[in-house]
Amino acid sequence: MSVLVELDGCTKVYRIGSFGSKRLTAVRDVAFGLDAGEVVSLIGESGSGKSTIGRLILRLSPLTAGSIRFMGEDVSTFKGRSLREYHRHAQGVFQDPFSSYNPIYKADRVFKLIKDTYFPAVGAREWAHKVGDALDAVSLDPAQVLHRYPHQLSGGQLQRLLVARALLLDIDFLVADEIISMLDASTRIDVLNLLGDLKARGLGILFITHDLSLGNYISDRTVILRRGVIVEMGETEKVFGDPRHAYTRMLLAAVPQLRHKWSADGDGRTVAAALEGDGIGSALVEIERGHLVRLEEGA
Amino acid sequence: MLRYLLRKLLIYALTFVAAVTIDWGIPHLMPGNPVLTLMGRIQIQNPQVAQHVYANYMRSFNLDLPLWKQYYYFWVSLVHGDLGTSILQFPSPVSSIILHAVPYTLGLLIPATLLSWYVGNKLGALAARRKVLDNTLLPFGYLLTATPYMWLAILMSFLFAVTWQVLPVGFAYDPTAVQGWTWTFGLDLLRHWVLPFLSLFLVACGGWAIGMRNLIIYELESDYAHYLESLGAPRKLVRKYAFRNALLPQITGLALALGAVIAGALVTEIVFSYPGLGYQIYRAITNEDYFVIQGIFLFIIVGVLIANFVVDIVYMIVDPRTRIGMQEGGQA
Amino acid sequence: MSVPDRVSTTTVGDDLRIGAAVPPAPADEAKPVSGLRETLYFAVRNKKLIFGLGVTLSMLAIAIVGPYIARHPPLDYGGQLSVPPTTRDGYWLGTTLLGQDVFAQFVTGLRMAFVVGAIGGGIAAIIGMVVGFTAGYRGGIVDELLNMVTNVVLVIPTFALLLVIAAYLQVRGIMTEAIFIGLTSWPWAARAVRAQTFSLTSRDFVSLARLSGSSSRQIIFREIAPNMSSYLFMMFILLFGGAILIAATLDFIGLGPSNTISLGMMMQLSVQNAALQLHLWWWFLPPGLAIMAIVGSLYVMNVGLDEVFNPRLRSM
Amino acid sequence: MSLAVDDLQVYYRTLRGDVRAVDGVTFDIADGEIMGLAGESGCGKSSLGNSLVYLTGRMKYVGGTVDLDGTKLPIWDFEAMNEHRFRHISVIPQYAMSALNPTRKIGAMTADLVGSRGVPYKHVAGEFIRRLELVGLSKDVLGMYPIELSGGMKQRAVMVVSTLLDPSLLIADEITSALDVSTQKAVAEMLVEFRDRGFVKSMVVITHDISILYQVADTILVMYAGHLVEKAPADVIIGAPSHPYTRLLISSLPEVGVRYTERRLHGIPGTPPPLLAPPEGCRFRDRCPLASAKCVKRPPFRELEPGHHVACWEVGG
């Protein structure tokens, strides 16, 4: 497998306050890679910087330091044309399906925007054919979704439309940022399965989520993020089966499960209190092949 | 907190510099020699006065100097409180004309602004309470807030002074009255003050009432109000909270509305020949007495900036959110 | 902040309800989600909107048609002096102390009011939008700088500024007046647009548009601006009304256009010529009433529009 | 019996007609019971919960009765309900993080609130502080404005305020959904502790997240499209659900340990019917694998075995 996306030393500092007088480090020195045909889940709580990383990779937000390589090329220098070409191969789907559509236009306008930029020469009939194929790939019935306003469609349909939109391009890589967290329980799993289908097509997928069971379900590898820093990463089975970092263990203990009650002793608060350090200065160490853990302070 | 105030002060300082620069720049932007143009437009019969005015102009404009020096000297005289000399009321300095007029204007402006704010907010809160009041008070509010100040002044003057003759009109007191700290004279002052005050007060009141009514309705729909209601809090408590919270933006509004009230005061004074700044500015404009216009402009700017700063401080005291947000270094 | 413009002064922050300083409704709520039909449904049933629109349009009709009906040029001194309203000789609203046709002056002034409102309000709206869109979409240092400029202009009592400018201008026309009013009354509009733009920019459809290769300009004009079109329209209405009030006040002080007549000048001349003392009520009542009617109905219309566009305010 | 709801109907008024959000529901809650109320968005669970304490604006009482500790609650009468709110039935709202007046100190606000309900603050002040400490908030919170607290702290403060008068029934509406897993657990456990300590007698915990309910609830009531579907002890709902909807729903939920590559889960095809003009009969029948001709009639919510109610013609004979 070839490395599709590679992050190295990625850091994002926001300037806040008047004239950028204050700084807030959202992401610090993040490095990981993602192969074609692989789903990597990026798991973190709110404020962990997980969505920021997705936006950095998609160039929706400029990087403060470090590099992001896509198929070997540094994307941070892309501008205008090269950026548009990059977006031909790398796309995103976001959390809130209703925020992803401009409410004043019909939902299928997302296709038209793609056509205007990337396929200006394609004829109407051929385009309709392409759209039909893409909808087919995400199991949507064109008659039910085309020419409708976003509010007339369900969240699941809207998210599928966005995946179809990405498929219209020659994408190799998809950032899926919490794409099912706002969907209803009875339909969300099917949208998640869609990511599995895309993976089977050879796409690389970065699945960003706060939900450990979803990450566990769909991904090959898992990156655990805390306060902008990677604390543990490796194959999903290893990270979930043999979590080494206290934070990962705390998350696993706190996640409500369907058939296991929370144990009385593993109080999340006490563990969290023991995790006050911000991880600066400590290093990620490979404890076994492909399984990296940040050394805890004092350890 | 200090940072916030400093930031505000910076804005006000910038505003002041901008205003002074405009004040200085406007005559310079006019084509040709401004002094000659001005001399051409004002007709002064007395050659002695004309000569003096010419010299005065020349000195003020410092036309023989490089532009930056002209600008510099403008600031220098400003710092010394020298705003030039009036032509119409030669040789009174502009500063003394302003100082004589200011008490009258403030005497109208401050009570009208504060009372209209207080009464308007109370009325607005009342309107938000009952549908009947809402339907009767509100249309009045819209009418008042859409009324040009001077027209209400005209109307009042026509009705109360000319038609019914219950109140005097013109000047701040009866010219034949004996001035002094007497009840008679005080009453006379008051009787001359009532109509201009009322016209200012009524128009401003309408705006505040509408604003408060809308704000309260918004507050009553907010989460904390719903929470209190779902815990069975009586309406009285919910409304009390809503009123208090709605007052906060109205305080900021006070600073922003100041300019409007000042303009209202100016034109009201004109209608009633009330000898404040508005009356002076009207005389200056009809007689092309430019230094007076410029001087009053600068004076108003300074007044507005000071008032804004006071409002900022008051707001900071009453709203815990800004206070605490600032302590944490957040943006205001 | 502009002076007789009580709209701008009491419209603190981002809300366009007159006198309200209400944080902006989330953009999705402010939107007519169910589209045009629902908006129309509410629009035709909204009494405030219908009333406001009705009065405004009637006044506009008088302003357009009136000058053609008037029998005498507005500045001519041909008539008898101080005639009360009469049907004779077409002096429907009587004559001034100097024998001018009040009706002709009134309809001309009305026309001027609409011209000043449209141009002054239009210019202010355009500046407000340019500044607001740029600051809200770009953010960062550009936003900080524009914000500072906006605050400075907001704090300056613009009416006083206009006073000085107008006093020095030798030739004063209705256009110059309107332009200067426009140039000074934009700041609150810029603030409002900025806040709305800011909240819309954070929405995912903007990100997706960027991922679709749309340029910043396309995003502002195709994605963001249409989403706040109702808001922008309401803003223009308030600026329009504000400009009329400012112009009337300037004219009343004697800084009006030198080549025509306006409602504010009618009031000025009537006061100057002792119309009050002489009981020439037909001279000074109409101009004020007209301004009150136009501006008031614009405000009421604005409230109606707000109720139509903002589902939260729709009463069931 | 703490709460008895009988054939309650609550609709939402909209332009196009009434949305039948709660359409004839009948159930009981026992003393000391924590009942989880689960369902997808728009199924009427929040409307049901809210209608018990605070019926407002567009919500409209249509029919049915609600008895709390043997007293009939006048839920259709906003004013008359005030007597019961807070004292007998209370709520932790969905918007708990913004439920506190931003310009009033928390202690002062609480004093205003209990005072307005005829309880002198000094009678409850000590208990208030003890309970704040119990949820990990120091006494200093009393002198703070809401802005000085984090979201989680505000939520805990609201939990304490809402239960200060020891109500019989507490409605907790989606209070864990905005939280991170670590704080979620703490908040959920506090709910149980409040019940165990007798601050509240029984509780309705509304959430879309069934796995949370499994952790804290004694029983789970599942709603679908305005109707009740199934109510049973939590273990039964998770381990041996009867209704086809519950079964499909539970089987679609990923758990830690379930991997896509090993066991592919499936959702339920189709969407719930619109509640503006819902079809007659069972509302799940369009998506139901067991649907038959019988289902055009609404199935009764009957007791399959003690404590286990199901509304389906096809299960349990």
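From D:Ile220, D:Ile175, D:Ile171, grab the single residue that is assigned to a loop (DSSP other than H, G, I, E, B), of a type in the set (A, V, I, L, M) and within 16 Å of the chain's Cα centre (by Cα).
Numbers: D:Ile220 fails: assigned to a loop (DSSP other than H, G, I, E, B); D:Ile171 fails: assigned to a loop (DSSP other than H, G, I, E, B).
Result of the check over D:Ile220, D:Ile175, D:Ile171: D:Ile175.
For the range A:57-69, how many residues are crowded, with 16+ Cβ neighbours inside 10 Å and within 14 Å of another protein chain (Cβ to nearest Cβ)?
Matching residues across the range A:57-69 total 6.
How many residues, within the range A:58-107, are in a loop (DSSP other than H, G, I, E, B) and under 24 Å from C:Ser202 (Cβ atoms)? Spell out how you get there, then give the answer.
At the first step, the residues of the range A:58-107 found to be in a loop (DSSP other than H, G, I, E, B) are A:58-64, A:71-72, A:78-79, A:94-107.
Applying the additional criterion that residues be under 24 Å from C:Ser202 (Cβ atoms) yields A:58-64, A:78-79, A:94-107.
Total meeting the criteria: 23.
Hey, among the residues in the range A:276-299 that are of a type in the set (A, V, I, L, M, F, W, C) and either under 23 Å from the mean Cα position of the chain (by Cα) or on the phi > 0 side of the Ramachandran plot (or both), which one's modelled with the lowest pLDDT?
Taking the range A:276-299 as the starting set, the residues that turn out to be of a type in the set (A, V, I, L, M, F, W, C) are A:280, A:283-285, A:287, A:292-293, A:295, A:299.
Now restrict to residues that are either under 23 Å from the mean Cα position of the chain (by Cα) or on the phi > 0 side of the Ramachandran plot (or both): A:284, A:292-293.
Working: A:Leu284: 85, A:Leu292: 92, A:Val293: 91.
Ranking the qualifying residues of the range A:276-299, first place goes to A:Leu284.
Return the total of residues in the range A:224-252 being closer than 12 Å to A:Ser48 by Cβ, more than 13 Å from every other protein chain (Cβ to nearest Cβ) and either part of a strand (DSSP E or B) or not small (Gly, Ala, Ser) (or both). Give the steps one after another, and end with the answer.
At the first step, the residues of the range A:224-252 found to be closer than 12 Å to A:Ser48 by Cβ are A:224-231, A:247, A:251.
If we keep only those that are more than 13 Å from every other protein chain (Cβ to nearest Cβ) too, we end up with A:228-231.
Adding the requirement that they be either part of a strand (DSSP E or B) or not small (Gly, Ala, Ser) (or both) leaves A:229-231.
Of the residues in the range A:224-252, 3 are closer than 12 Å to A:Ser48 by Cβ, more than 13 Å from every other protein chain (Cβ to nearest Cβ) and either part of a strand (DSSP E or B) or not small (Gly, Ala, Ser) (or both).
Looking at the range A:145-160 only, could you name the residues that are under 16 Å from A:Leu192 (Cβ atoms) and touching a Leu at 6+ places or on another chain (Cβ under 7 Å)?
Result: A:Gly155, A:Gly156, A:Gln157, A:Gln159, A:Arg160.
Could you run through the range A:124-162 and say how many residues are on the phi > 0 side of the Ramachandran plot and either within 14 Å of chain C (Cβ to nearest Cβ) or part of a helix (DSSP H, G or I) (or both)?
Taking the range A:124-162 as the starting set, the residues that turn out to be on the phi > 0 side of the Ramachandran plot are A:139, A:147.
Then keep just the ones that are either within 14 Å of chain C (Cβ to nearest Cβ) or part of a helix (DSSP H, G or I) (or both); that gives A:147.
So the count comes out to 1.
Kindly establish whether D:Tyr11 is without any contact (Cβ under 8 Å) to a residue 60 or more places away in the chain, of a type outside the set (Val, Ile, Thr), buried (at least 19 other Cβ atoms within 10 Å of the Cβ) and farther than 19 Å from D:Met159 by Cα.
Details: without any contact (Cβ under 8 Å) to a residue 60 or more places away in the chain: yes; of a type outside the set (Val, Ile, Thr): yes; buried (at least 19 other Cβ atoms within 10 Å of the Cβ): yes; farther than 19 Å from D:Met159 by Cα: yes.
Taking the combined requirement at face value, the residue satisfies it.
Say we look at the range D:258-271 and pick out the residues that are under 28 Å from A:Gly37 (Cβ atoms) and facing another protein chain (nearest Cβ under 7 Å); which of these is modelled with the lowest pLDDT?
Here the answer is D:Val258.
Could you list, in sequence order, the residues of the range D:178-205 that are more than 9 Å from every other protein chain (Cβ to nearest Cβ), in a helix (DSSP H, G or I) and charged (D, E, K, R)?
D:Glu193, D:Arg195, D:Asp196
Please give the helices (runs of 4 or more DSSP H) falling wholly within the range C:196-315 in which 1 or more residues are among the acidic types (Asp, Glu).
Working: elements: C:204-211, C:229-250, C:263-272, C:281-309.
The qualifying helices (runs of 4 or more DSSP H) are C:204-211, C:281-309.
Looking at B:Gly40, B:Gly32, B:Gly25, which one is within 14 Å of chain C (Cβ to nearest Cβ) and at pLDDT 75 or above? Walk me through how you get there before you give the answer.
Working: B:Gly40 fails: at pLDDT 75 or above; B:Gly32 fails: at pLDDT 75 or above.
Checking each option against the conditions leaves just B:Gly25.
Taking the conditions exactly as written (more than 8 Å from every other protein chain (Cβ to nearest Cβ), under 11 Å from the mean Cα position of the chain (by Cα) and at pLDDT 90 or above), does C:Leu245 satisfy them or not? Before you say what the answer is, go through the steps one by one.
On the way: more than 8 Å from every other protein chain (Cβ to nearest Cβ): no; under 11 Å from the mean Cα position of the chain (by Cα): yes; at pLDDT 90 or above: yes.
No; evaluated as a whole, the condition is false for this residue.
How many residues does the range D:206-219 hold that are of a type in the set (Val, Ile, Thr) and within 12 Å of chain A (Cβ to nearest Cβ)? Explain how you work it out, then say what you get.
The first filter runs over the range D:206-219 and keeps only residues of a type in the set (Val, Ile, Thr), leaving D:206-207, D:210, D:212, D:216, D:219.
Still in the running and within 12 Å of chain A (Cβ to nearest Cβ): D:207, D:210, D:212, D:216.
The qualifying residues number 4.
Please determine whether any residue of the range D:79-92 is under 25 Å from D:Gln184 (Cβ atoms), at the interface with chain B (Cβ under 9 Å from one of its Cβ atoms), assigned to a loop (DSSP other than H, G, I, E, B) and not hydrophobic (A, V, I, L, M, F, W, C).
For the range D:79-92, residues under 25 Å from D:Gln184 (Cβ atoms), at the interface with chain B (Cβ under 9 Å from one of its Cβ atoms), assigned to a loop (DSSP other than H, G, I, E, B) and not hydrophobic (A, V, I, L, M, F, W, C): absent.
The rows are residues; the columns are (1) surrounded by fewer than 19 Cβ atoms within 10 Å (Cβ to Cβ); (2) of a type outside the set (A, V, I, L, M); (3) free of Cβ contacts under 8 Å to residues at least 12 places away in the same chain.
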| position | (1), (2), (3) |
| --- | --- |
| B:Thr136 | yes, yes, yes |
| B:Phe140 | yes, yes, no |
| B:Thr147 | no, yes, no |
| B:Leu231 | no, no, yes |
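Among the residues in the range C:192-212, are any within 30 Å of B:Ile154 (Cβ to Cβ), more than 14 Å from chain A (Cβ to nearest Cβ) and buried (at least 23 other Cβ atoms within 10 Å of the Cβ)? Give the derivation first.
First, pick out the residues of the range C:192-212 that are within 30 Å of B:Ile154 (Cβ to Cβ): none.
Within the range C:192-212, none of the residues are within 30 Å of B:Ile154 (Cβ to Cβ), more than 14 Å from chain A (Cβ to nearest Cβ) and buried (at least 23 other Cβ atoms within 10 Å of the Cβ).
Condition test on D:Val19, is it more than 26 Å from D:Ser168 (Cα to Cα) and assigned to a strand (DSSP E or B)? Walk me through how you get there before you give the answer.
On the way: more than 26 Å from D:Ser168 (Cα to Cα): yes; assigned to a strand (DSSP E or B): yes.
In short, yes.
With (1) within 12 Å of another protein chain (Cβ to nearest Cβ); (2) modelled with pLDDT of 90 or more as the list, and B:Leu202 as the residue in question, which single condition is left unmet?
(1)
Do you know which residues across the range A:194-223 are assigned to a helix (DSSP H, G or I), under 25 Å from A:Ala137 (Cα atoms) and of a type outside the set (Val, Ile, Thr)?
First pass over the range A:194-223, keeping only residues assigned to a helix (DSSP H, G or I): A:194-200, A:212-218.
Now restrict to residues that are under 25 Å from A:Ala137 (Cα atoms): A:194-200, A:214-218.
Once the filter is applied, which keeps residues that are assigned to a helix (DSSP H, G or I), under 25 Å from A:Ala137 (Cα atoms) and of a type outside the set (Val, Ile, Thr), the range A:194-223 yields A:Leu194, A:Leu195, A:Gly196, A:Asp197, A:Leu198, A:Lys199, A:Ala200, A:Leu214, A:Gly215, A:Asn216, A:Tyr217.
Among the listed residues C:Ile50, C:Ile69, C:Ile62, which satisfies the condition of being modelled with pLDDT of 85 or more, more than 29 Å from C:Glu223 (Cα to Cα) and in contact with a Leu (Cβ under 8 Å, 6 or more places away or on another chain)?
Working: C:Ile50 fails: in contact with a Leu (Cβ under 8 Å, 6 or more places away or on another chain); C:Ile69 fails: in contact with a Leu (Cβ under 8 Å, 6 or more places away or on another chain).
Going through C:Ile50, C:Ile69, C:Ile62 in turn, just one is modelled with pLDDT of 85 or more, more than 29 Å from C:Glu223 (Cα to Cα) and in contact with a Leu (Cβ under 8 Å, 6 or more places away or on another chain): C:Ile62.
Give D:Ile237, D:Ile268 a once-over and let me know the one that is in a helix (DSSP H, G or I) and of a type in the set (Val, Ile, Thr).
Details: D:Ile268 fails: in a helix (DSSP H, G or I).
Only one candidate qualifies: D:Ile237.
Would you mind stating whether D:Glu230 is under 20 Å from the mean Cα position of the chain (by Cα), acidic (Asp, Glu) and not in a loop (DSSP other than H, G, I, E, B)? First the steps, then the outcome.
Working: under 20 Å from the mean Cα position of the chain (by Cα): yes; acidic (Asp, Glu): yes; not in a loop (DSSP other than H, G, I, E, B): yes.
When the stated conditions are applied, D:Glu230 passes them.
Quick check on my filter: what residues within the range B:166-199 are touching a His at 6+ places or on another chain (Cβ under 7 Å) and away from chain C (no Cβ under 14 Å)? Reasoning before the result, please.
Here is the first cut: in the range B:166-199, the ones touching a His at 6+ places or on another chain (Cβ under 7 Å) are B:168, B:171-173.
Within the range B:166-199, B:Phe171, B:Ala172, B:Tyr173 meet the criteria.
Of the residues C:Leu161, C:Leu145, which single one is without any contact (Cβ under 8 Å) to a residue 24 or more places away in the chain, surrounded by fewer than 17 Cβ atoms within 10 Å (Cβ to Cβ), within 14 Å of chain B (Cβ to nearest Cβ) and among the aliphatic types (A, V, I, L, M)?
Details: C:Leu161 fails: surrounded by fewer than 17 Cβ atoms within 10 Å (Cβ to Cβ).
After ruling out the rest, the residue left standing is C:Leu145.
The values are calculated or read from the model by the stated rules, or taken from the named source; none is laboratory data. Since the model is a prediction, treat every value here as computed from it, not as a measurement. Cβ sites come from the backbone with ideal geometry, for glycine too, and all protein chains shown count toward neighbours.
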